[in-house]
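For reference, the structure discussed in these notes is given below.
The values are calculated or read from the model by the stated rules, or taken from the named source; none is laboratory data. Everything numeric in this text was worked out from a predicted model, so none of it was measured. Because the Cβ atoms are built from the backbone with ideal geometry, glycine has one as well, and the counts that use them run over all protein chains shown. The area values use the complete protein model at the heavy-atom level, side chains included, leaving out ligands, DNA and RNA. Shrake-Rupley method; radii C 1.70, N 1.55, O 1.52, S 1.80 Å.
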Amino acid sequence: EAEMGELQLVNQLAPMQYAEVVSGYKQRSERIAELEAERNELLKLIDEIDREKMKVLESTVKRVSESFGEYFRALTGGDAWLEFTDPGNPLESGIEMVVRFPGKAPRSARGVSGGEKSVSAVALILALQSLTPADFLVLDEVDAHLDANYSANLANLLKEMSKKVQIVVVSLKDIVAEKADLLIGVYSRNGASNVVTLKLGELVNEQGKQG
């Protein structure tokens, strides 16, 4: 009687509520198991995507690096390639341009002279363009900081490339203009811009006739 007195009021719905709690617990346990399975599937998918990203990244960098080396060699006679700054973690790594000019040791492109940086950048731009070739290229004074030798090599390279793609070059250097099929000159007169065009092939033929 004393113990019953201590119980005071008894919840007569407790058995029913207990059954509901147990049922809810089981449902939540099953849902937690489902969520865990879904989580594992997502992690598996993320791993697959990372592996594919790694594969594509390494393949693309390799292609650009090889093309970069070819253009750099044509422009300078040296060697160049791309490297991951953190080879162990390419997806989080930067990419370094490494260049070796004739007679010099390999160095990062960040540590070379201004003219050497310019010719390296031109080689990289052409290498990137080679991944998705366009019908035409517009190059605005890319030779501005190149010396005469590099400018001549660039002109020869663009002349060879023009067999497959139309190239429009803005340049102030005669050595580049000499390789053009068509020259378009812009000059100012009386405060207005004027344009003159000249086909070098026709000029050469005309000079030959006069000779």
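Being in contact with a strand residue (DSSP E or B) (Cβ under 6 Å, 6 or more places away or on another chain) and more than 17 Å from ALA121 (Cα to Cα) is the filter; apply it to the stretch 85-109 and report the residue that is least open to solvent (accessible area, probe 1.4 Å).
PRO90
What are the residue pairs meeting all of these: first residue in the stretch 111-130, first residue outside any helix (DSSP H, G or I), second residue open to solvent by less than 20 Å² (accessible area, probe 1.4 Å), Cβ atoms under 8 Å, and 6 or more apart or on different chains?
Listed by first residue and then by second, the contacts come to VAL112/VAL99; VAL112/PHE101; VAL112/SER120.
Any residue in the stretch 145-162 that is assigned to a helix (DSSP H, G or I), touching a Lys or Arg at 6+ places or on another chain (Cβ under 6 Å), modelled with pLDDT of 85 or more and open to solvent by 40 Å² or more (accessible area, probe 1.4 Å)?
Within the stretch 145-162, one or more residues are assigned to a helix (DSSP H, G or I), touching a Lys or Arg at 6+ places or on another chain (Cβ under 6 Å), modelled with pLDDT of 85 or more and open to solvent by 40 Å² or more (accessible area, probe 1.4 Å).
Specify which of the listed residues (GLY185, GLY114) is more than 21 Å from ARG63 (Cα to Cα), in contact with a His (Cβ under 8 Å, 6 or more places away or on another chain) and exposed (fewer than 11 other Cβ atoms within 10 Å of the Cβ).
Just a single option satisfies the conditions, and that option is GLY114.
Determine if the stretch 145-161 includes at least one residue that is among the small types (Gly, Ala, Ser) and farther than 24 Å from LEU183 by Cβ.
Checked against the condition, which is being among the small types (Gly, Ala, Ser) and farther than 24 Å from LEU183 by Cβ, the stretch 145-161 yields no hits at all.
Just checking, which of GLY88, GLY24 is part of a loop (DSSP other than H, G, I, E, B) and modelled with pLDDT under 95?
GLY88
Based on what the data block shows, is LEU13 out of contact with any strand residue (DSSP E or B) (no Cβ under 8 Å at 6 or more places or on another chain) and surrounded by fewer than 11 Cβ atoms within 10 Å (Cβ to Cβ)?
The answer is yes for LEU13.
Six or more apart or on different chains, Cβ atoms under 8 Å: show the pairs whose first residue is in the stretch 38-49 and over 17 Å from LEU91 (Cα atoms) and modelled with pLDDT under 95 and whose second is surrounded by 10 or more Cβ atoms within 10 Å (Cβ to Cβ) and aliphatic (A, V, I, L, M).
none
Got at least one residue in the stretch 168-188 being under 27 Å from the mean Cα position of the chain (by Cα) and small (Gly, Ala, Ser)?
Yes, the stretch 168-188 has at least one match.
Which members of the stretch 60-84 meet the condition of being outside any strand (DSSP E or B), open to solvent by less than 60 Å² (accessible area, probe 1.4 Å) and of a type outside the set (Phe, Trp, Tyr)?
Across the stretch 60-84, the qualifying residues are THR60, VAL61, VAL64, SER65, SER67, GLY69, ALA74, LEU75, THR76, GLY77, GLY78.
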